[in-house]
1. What tally of residues in segment 140-153 results from selecting those that are touching a residue at least 40 places away in the same chain (Cβ under 8 Å) and not in a helix (DSSP H, G or I)?
2. Residues in segment 68-81: is at least one crowded, with 19+ Cβ neighbours inside 10 Å and under 17 Å from Ile159 (Cβ atoms)?
3. Taking Leu283 as the residue in question, decide whether it is among the aliphatic types (A, V, I, L, M) and closer than 25 Å to Gln108 by Cα.
4. Looking at segment 64-83, which of its residues are of a type in the set (Gly, Ala, Ser) and within 22 Å of the chain's Cα centre (by Cα)?
5. Among the residues of segment 236-278, what is the count of those that are within 15 Å of Tyr117 (Cβ to Cβ), open to solvent by 20 Å² or more (accessible area, probe 1.4 Å) and part of a loop (DSSP other than H, G, I, E, B)?
6. How many residues, within segment 154-200, are part of a helix (DSSP H, G or I) and not hydroxyl-bearing (Ser, Thr, Tyr)?
7. So Ile233 clears everything in (1) touching a residue at least 24 places away in the same chain (Cβ under 8 Å); (2) in contact with a Phe, Trp or Tyr (Cβ under 9 Å, 6 or more places away or on another chain); (3) surrounded by fewer than 16 Cβ atoms within 10 Å (Cβ to Cβ) except one condition, right? Which one?
8. For residues that are open to solvent by 30 Å² or more (accessible area, probe 1.4 Å) and part of a loop (DSSP other than H, G, I, E, B), scanning just segment 219-230, find the one that is modelled with the highest pLDDT.
Amino acid sequence: MLPNISQVDYEIRLVTQLLAIRFLRPFNGKLATSRAISDDTYGFVTEDSLCRDWLLSIYKSYSFYDGFETMEDCLSYIYSTSYDNELYRIVKFYNQYYAVVYENSQHQQVIGKDISYYAKNNLFLCSKRPPSNLMVRNRSKSTPIPIIYYELNAFDPTITIYKLLNNHPTGYIEVPNDDNIEYAVLLGITFKDVWYRCDTPHAIAHNRAILNLYFMKGHNLTLFGKYSKAIAINPFQRLIYFQKGRIEPFQMDVEDYRNQQRLLPYREVRRFQEFLRTRPVDLI
């Protein structure tokens, strides 16, 4: 069973958390973001209306899918794979279990009961199970931007992360969330499914400010959408939306804003079409 919480209760819980970490702050009797949530991103400073629009959009920006029903089922999957068990963390979210690999931006996997995500060629693809031959590239892991962790935690404050240990009686131990936050963030990214308009100057500026909370400064995702002649962009699922309802994946290195986003050639679009998780497009 996945989160069953009203939007009002969710927003109260989220705002309370964000005030506690001083990411939100009172401003003339209203709310605004502070200047930064990490070294790589920044907030709205005193843009109260923008802050309100963002907070009101978060609840509906999530589309959940089921995890494994038990820890044993999740472990059984992990033990059946060709990857080193120590690469995995198990994230318990709303009493379900997800196997997560986050080595770096080039090697990421999130595995639920019937659906999985994985990074390949700077795409974020979806299938029942990841391939067994994904490359484990030698690349350092960047510090994640944590806002999605707090959004996820507002749905389930008991979110727990486990590490596998071969020499432990149970085969796993609970680890501090703060030290393993990137695994929860990656799980949250697979849940987050929201489209940002990029077809008017106002939408580009408005949504760029919101996306700066989630992605490294310099990505300019709404401008990428504009120059691609798109209507909207979904950077969490790495999808772009064109006229006549056409949806395509795009390539993006989330850890390097200098490596710009790129559309795929048409034959590649067709090749990867079956690996997209798409639902009706609701534009912000």
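1. Of segment 140-153, the ones touching a residue at least 40 places away in the same chain (Cβ under 8 Å) are 141-148, 150-153.
Applying the additional criterion that residues be not in a helix (DSSP H, G or I) yields 141-146.
Residues meeting the conditions: 6.
2. yes
3. Details: among the aliphatic types (A, V, I, L, M): yes; closer than 25 Å to Gln108 by Cα: no.
Taking the combined requirement at face value, the residue does not satisfy it.
4. Of the residues in segment 64-83, the ones of a type in the set (Gly, Ala, Ser) are 67, 76, 80, 82.
Scanning segment 64-83 gives a single hit, Gly67.
5. Taking segment 236-278 as the starting set, the residues that turn out to be within 15 Å of Tyr117 (Cβ to Cβ) are 236-239, 249, 252, 254, 272, 274-278.
From what is left, the residues that are open to solvent by 20 Å² or more (accessible area, probe 1.4 Å) are 254, 274-278.
Remaining after also requiring part of a loop (DSSP other than H, G, I, E, B): 254, 276-278.
The number of residues fulfilling the criteria is 4.
6. Filtering segment 154-200 for residues part of a helix (DSSP H, G or I) gives 154-155, 178-191.
Filter once more, so that each one left must be not hydroxyl-bearing (Ser, Thr, Tyr): 154-155, 178-182, 184-189, 191.
Result for segment 154-200: 14.
7. If we test Ile233 against (1) touching a residue at least 24 places away in the same chain (Cβ under 8 Å); (2) in contact with a Phe, Trp or Tyr (Cβ under 9 Å, 6 or more places away or on another chain); (3) surrounded by fewer than 16 Cβ atoms within 10 Å (Cβ to Cβ), just (3) comes out false.
8. Of the residues in segment 219-230, the ones open to solvent by 30 Å² or more (accessible area, probe 1.4 Å) are 220, 223, 226-227, 229.
Those still in the list that are part of a loop (DSSP other than H, G, I, E, B) too: 220, 229.
Details: Asn220: 89, Lys229: 96.
Result: Lys229.
The values are calculated or read from the model by the stated rules, or taken from the named source; none is laboratory data. This one's a predicted model, so the numbers in the text were calculated from it and none came from an experiment. Cβ atoms come from the backbone with ideal geometry, glycine included; neighbour counts cover every protein chain shown. SASA here: full protein model, heavy atoms, side chains in, ligands and nucleic acids out. Shrake-Rupley method; radii C 1.70, N 1.55, O 1.52, S 1.80 Å.
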